[in-house]
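Engineer: Structure provided below as structure tokens; questions to follow.
Read the figures in this text as sums done on the coordinates, not as results from a lab. Just so it is clear, the structure is predicted and the values come from calculations on it, not from any experiment. Because the Cβ atoms are built from the backbone with ideal geometry, glycine has one as well, and the counts that use them run over all protein chains shown.
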Amino acid sequence: MASKTKSPPAAAIPHGLTREQLLEMYRLVRLTRSLEEKLENLFRQSKVVGGLFRSLGQEGESVASAYALRRRTDGTGDMLSPLIRNLGSMITVGATPAEVVRQYMAKGDSPARGKELNIHFTDYQRGFIGQISPLGDLVPVMAGVTLTFKQRGQDRVGMVYIGDGATSTGAFHEGINFAAVQRCPLVVIVENNQWAYTTPTRLQTAAKSFVDKAPGYGVAAEKVDGNDMLAVYGAAKRAVDRARAGEGVTLIEVMTYRRKGHAQHDNQSYVDPAEIDRWAASNDPIDRFIVTLKENEWASADELRAIDERIDAELDATIAEAETSPLPEPEEALTDVYADGPVRAPWTRHTPADPTQA
Amino acid sequence: MSTVVNEKPEAVRMSEQGKPVTLLEAIREGIWEEMERDERVFLMGEDIGAYGGAFKVTEGMQQYFGAPRVIDTPISEIGFTGAAAGAAHMGMRPVIEMQFIDFISCAYDMITNYVATSRYRGSGPQPIVIRGPSGGYVRGGPFHSQNPEAAFFHTPGLKIVYPSTARDAKGLIKAAIRDDDPVLFFEHKWLYRRPQLREVLPAEDYIVPIGKARTHREGKDLTIVTYAAMVHKSEEAAEILEKEDGLSVEIIDLRTLLPLDEDAILESVKKTNRLLVVHEDTRTGGIAGEIAMRVNEKAFEWLDAPILRVTALDAPIPYSPPLEDYFLPQTEDIVKAARHLANY
Ligand SMILES: Cc1ncc(C[n+]2csc(CCOP(=O)(O)OP(=O)(O)O)c2C)c(N)n1
């Protein structure tokens, strides 16, 4: 911090970003990776209920794309719907590590109160809608969300994430087509991480590139290096601006790589390990961002280290606290099926009275 | 095309060698044998090729039979179900995998509107098997634990099979592949690798006919009609009831839900005079309702007590352990309902 006044003028920061914003992006991406690492530890200790999905190597594009949204906490900002590997996007629009850890641990005070898993949760105030497992479904849903923005004359924008694999679903086609026809203010981020579980992209689509599909739907498109956070931010910002200006849907193909298995149980036997190593060694989004920040003197090593240390301490406290949270009460299973009170358990279950006694 | 090895791998020769197999291995053997027997049989699904499927049911098949017969599809349930329908029109016998059966709903239109009505509309038979892992007890949450049978039970033209033992699983998957109608074949993932279900299967070719229930346990005091994972929960309950209450419980494993083996149900009810229907699927509109109504229509005079059912609750299936445990039928629920029936 001491050299701040004397340093030579730093290179101009692109896309109208400020130094503070760059540091915030760094904090978000670092937090995403550290949180996933901690979740992996919890998984190994059998404290995660169900599966765990890493976004290792993709954190940069998640954070940078969501960072282009107008983020508010009062329900007036833009909205996004993530995919399973978009922890970074969720964190960026304000989901907290405490919520995420509790979700994975199936706690009673998790946002979904134990009914749903991982990052499948919603908060309209902060602007995110939880996905469901059936792939593609959130594309038409976000078409509807953004249709409403348009109908109400709000200058709000929606962003929906879809994997290279999930672009093969009928829901994706119907959703993007609908949004295109209605000129919805929607940004569709196609994350081309080159794998869908074990299936390589060439078995998912015969198109050379996902941006090639855009003209077929009549939407704008851009392809971007997904591990270059500033490039992703730039592309997302342009698409968001277009949407806000009433110019409709943009498809952004984000080129990245899934460095871990589909989920923890997947040992990636079908992947050439050298390929993973190459991405890890020379194309890690955080490493690249750090180099950019330092080379341009937008941040110092000390500043970054201070951020890292704060994150670690905060996460340890968050997890310790989450571990003490209770699991939900069984009867929670009966709530929220309908608006007007819980459904009834049949008398053969857990209730002492039976109909012959009534 | 990948190289075709002629030697069958060890993993699918267990029964030939008199070794016990799991329910999952039994299904793999069954599909394997049918593919060897009939070259019209081919497989499609997500990640089923080199990787052998999310649960490894199709492990080794692409290497052995070649990529044209074991096709890795895009994530497109409507697409590959429709493609299966088209191939079936051309005389093929496709077996398609839903990576989790929950995603069968994506293909609901294709299955119910197209496939199920094809023969009736004069477009010919649809000898397709649609198979996949189903069921709960694994903390899979709302989209990896479903039992969607009731959604299809109401669709004439479909057959629905849901085995509970390794022997039946093999015999039924073979029967399903040979069947000239579309068969939905549900595989309970909680049963896939249960060591207790390992059994030595006949070395020779056998099928288990579709549409025939099986008496899983003989008894005289009350009948439990059930299927899939609930056969085993009911068995646990029957043992408790025998030990603690001296009750003799008969368990009928339906094996096939559509068409329903009404005769087997009625015969057992006429013998024991008491009926408990147990299923893992949710209650309202579930298959238990249909079974109870048929017994009401045809065996009312034989009943000494109202028909009861134990089912999941009428909610989506939750994720957290206490919720899932509460939501799904447990052995003690069956014991409690059976006691009530016996004492009625
Ligand atoms: C409709 C549907 N079919 C199958 C699945 C099972 N499934 C879950 S994730 C996945 C692969 C997804 O790949 P992609 O869309 O590329 O996303 P990535 O995991 O690479 O981020 C599959 C096949 C599903 N969730 N939904």
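Engineer: What's the FRET efficiency of A:THR96 with A:TYR338 using the Cβ-Cβ distance as r and R₀ = 25 Å, to the nearest 0.05?
Structural biologist: Details: r = 29 Å, r/R0 = 1.16.
Result of the calculation: an efficiency of 0.30.
Engineer: Right, next: If you plug each phi of the stretch B:196-211 into the Karplus form 6.51 cos²θ - 1.76 cosθ + 1.60 with θ = phi - 60°, what whole-Hz ³J(HN,Hα) values come out, in order, with x for Gly and Pro?
Structural biologist: Going residue by residue, I get 4, 8, 4, 8, 7, 9, x, 6, 8, 4, 8, 10, 10, x, 6, x Hz, with x marking Gly and Pro.
Engineer: Just to confirm the filter: which chymotrypsin sites (Phe, Trp or Tyr not before Pro) across the stretch B:166-239 are DSSP coil and have at most 15 other Cβ within 10 angstrom of their Cβ?
Structural biologist: Working: sites: B:PHE185, B:PHE186, B:TRP190, B:TYR192, B:TYR206, B:TYR227; in loops: B:TRP190, B:TYR192, B:TYR206, B:TYR227.
Those that pass, being in a loop and sparsely packed, are B:TYR206.
Engineer: Chymotrypsin sites (Phe, Trp or Tyr not before Pro) within the stretch B:94-144: which are DSSP loop residues with at most 13 other Cβ atoms inside 10 Å?
Structural biologist: Answer by residue number: B:TYR120.
Engineer: If you don't mind, another one. Could you tell me whether the stretch A:28-122 comes out rounded, prolate or oblate from its Cα gyration tensor? Rule is a ≥ b ≥ c as square roots of the eigenvalues, rounded for a/c under 1.5, then prolate if a/b exceeds b/c, otherwise oblate.
Structural biologist: Verdict is oblate for the stretch A:28-122.
Engineer: Quick one: the Cα spread of chain A along its three principal axes, in angstroms, biggest first?
Structural biologist: Extents along the principal axes: 85, 49, 45 Å.
Engineer: Starting from the 7 Å offset along Cα-to-Cβ, what nm value, one decimal, do you get for the label separation of A:ILE132 and A:SER300?
Structural biologist: It is 5.2 nm.
Engineer: On to the next question. Of A:LEU22, A:LEU230, A:LEU334, which has the largest mean-square fluctuation in a 10 Å C-alpha GNM of chain A?
Structural biologist: Most flexible of the set in this elastic network: A:LEU334.
Engineer: Please list, by residue number, every one of the GluC sites (Glu not before Pro) in the stretch A:253-358 that is coil in DSSP and has at most 16 other beta-carbon atoms within 10 Å.
Structural biologist: A:GLU297
Engineer: After finding the eigenvalues of the alpha carbon gyration tensor for the stretch B:282-344, what semi-axes result from the square roots of 5 times each, listed largest first in whole Å?
Structural biologist: Semi-axes, largest first: 26, 15, 5 Å.
Engineer: Can you tell me how the stretch A:55-109 classifies by the Cα gyration tensor, rounded, prolate or oblate, using a/c under 1.5 as the rounded cut?
Structural biologist: oblate
Engineer: Binning at 10 Å from 0, report for the protein assembly as shown what percent of all alpha-carbon pair distances ends up in each bin.
Structural biologist: 3, 14, 22, 24, 19, 11, 5, 2, 0, 0
Engineer: I've got another one for you. For the stretch B:48-153, take N as its residue count and report Rg(C-alpha) divided by 2.2 N^0.38 Å.
Structural biologist: 1.11
Engineer: I would also like to ask the following. Apply the membrane-span-like helix rule to chain A: whole DSSP H runs, Cα extent along the own long axis of at least 24 Å, mean Kyte-Doolittle hydropathy at least -1.0. List the helices found.
Structural biologist: A:19-44, A:301-324
Engineer: Lys pairs in chain A, Cα-Cα under 29 Å, at least 8 apart or on separate chains: how many?
Structural biologist: Taking the Cα cut-off of 29 Å, the pair count is 28.
Engineer: Apply the a/c threshold of 1.5 to the C-alpha gyration tensor of the stretch A:219-296 and tell me whether it is rounded, prolate or oblate.
Structural biologist: Cα axes put the stretch A:219-296 in the oblate bin.
Engineer: If each of A:GLU24 and A:LYS208 carries a label point 7 Å out from its Cα toward its Cβ, how far apart are those two points in nm?
Structural biologist: The answer from the label model is 3.9 nm.
Engineer: Cross-link list B:LYS159/B:LYS212; B:LYS159/B:LYS298; B:LYS8/B:LYS174; B:LYS189/B:LYS212; B:LYS19/B:LYS159: which exceed 21 angstrom alpha carbon to alpha carbon? It would help to have the intermediate numbers written out before the result.
Structural biologist: Details: B:LYS159/B:LYS212 12 Å; B:LYS159/B:LYS298 23 Å; B:LYS8/B:LYS174 18 Å; B:LYS189/B:LYS212 23 Å; B:LYS19/B:LYS159 31 Å.
Beyond 21 Å between Cα atoms: B:LYS159/B:LYS298; B:LYS189/B:LYS212; B:LYS19/B:LYS159.
Engineer: Additional query: For the stretch B:127-136, just list the computed ³J(HN,Hα) in residue order, Karplus coefficients 6.51, -1.76 and 1.60, θ = phi - 60°, integers in Hz, with x standing in for Gly and Pro.
Structural biologist: Couplings: x, 10, 10, 10, 10, x, x, 9, x, x Hz.
Engineer: Around B:ASP109, under 13 Å between beta carbons, what's the net of Lys plus Arg minus Asp minus Glu among the other residues? Walk me through the intermediate numbers first.
Structural biologist: On the way: positive: none; negative: A:GLU174, B:GLU77.
Around B:ASP109, the charge tally is -2.
Engineer: To continue, here is another question. Calculate, for B:GLU199 and B:SER248, the FRET efficiency according to 1/(1 + (r/R0)^6) with r their C-beta to C-beta distance and R0 35 Å; round to the nearest 0.05.
Structural biologist: 0.90
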